[in-house]
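Single-structure report; data block below.
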Amino acid sequence: MPSPDAAEPGARHAALPPAELFHRIFELLAAMEEAQRAKVVELARRLIPTLTAEDIRNPHDFPGLDDPDWHFEDGQLAGIESVRFALRGLARDVLGDGEGREARERPESDGQPGAGREGGGTQGE
């Protein structure tokens, strides 16, 4: 018969303080967002090699970006960004604004496509 600890994953580990948990979540999301943004840029530049970061944020101006694979990858990026924005609100509710800000702080992207996009992908903007 398994021990009671075996039935409860993580029962042997001390719970992280909420601020640390949110901080780790935001770090993970930042890494996911960076990797997906690189994938979006790489695919866009395979389709149209001369695209700039600003161009990629305005795909409707470039018929060559009307590619289902590119739109899928850009949609994945928009989804990651949406999760980050939703978790910002949750962190603010759980931790209060000061602690929530500290938990989610990370360096912003350096002019990368999609950096600073509030609320979603580049499609239909």
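The values are calculated or read from the model by the stated rules, or taken from the named source; none is laboratory data. Remember, it's a predicted structure, so these values are computed and weren't measured experimentally. Quick reminder, even Gly has a Cβ in these numbers, built from the backbone with ideal geometry, and neighbours come from all protein chains shown. Side chains are part of the model used for accessible areas, which takes the heavy atoms of the whole protein and leaves out ligands, DNA and RNA. Shrake-Rupley method; radii C 1.70, N 1.55, O 1.52, S 1.80 Å.
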- Might you let me know whether region 12-23 holds any residue that is modelled with pLDDT of 90 or more and open to solvent by less than 50 Å² (accessible area, probe 1.4 Å)? yes
- Considering region 52-83 alone, what residues qualify as being in contact (Cβ under 8 Å) with a residue 12 or more places away in the chain and not in a helix (DSSP H, G or I)? R57, N58, F62, D67
- Message: A30 - would you say it is open to solvent by less than 40 Å² (accessible area, probe 1.4 Å), farther than 21 Å from G79 by Cβ and assigned to a helix (DSSP H, G or I)?
- Response: no
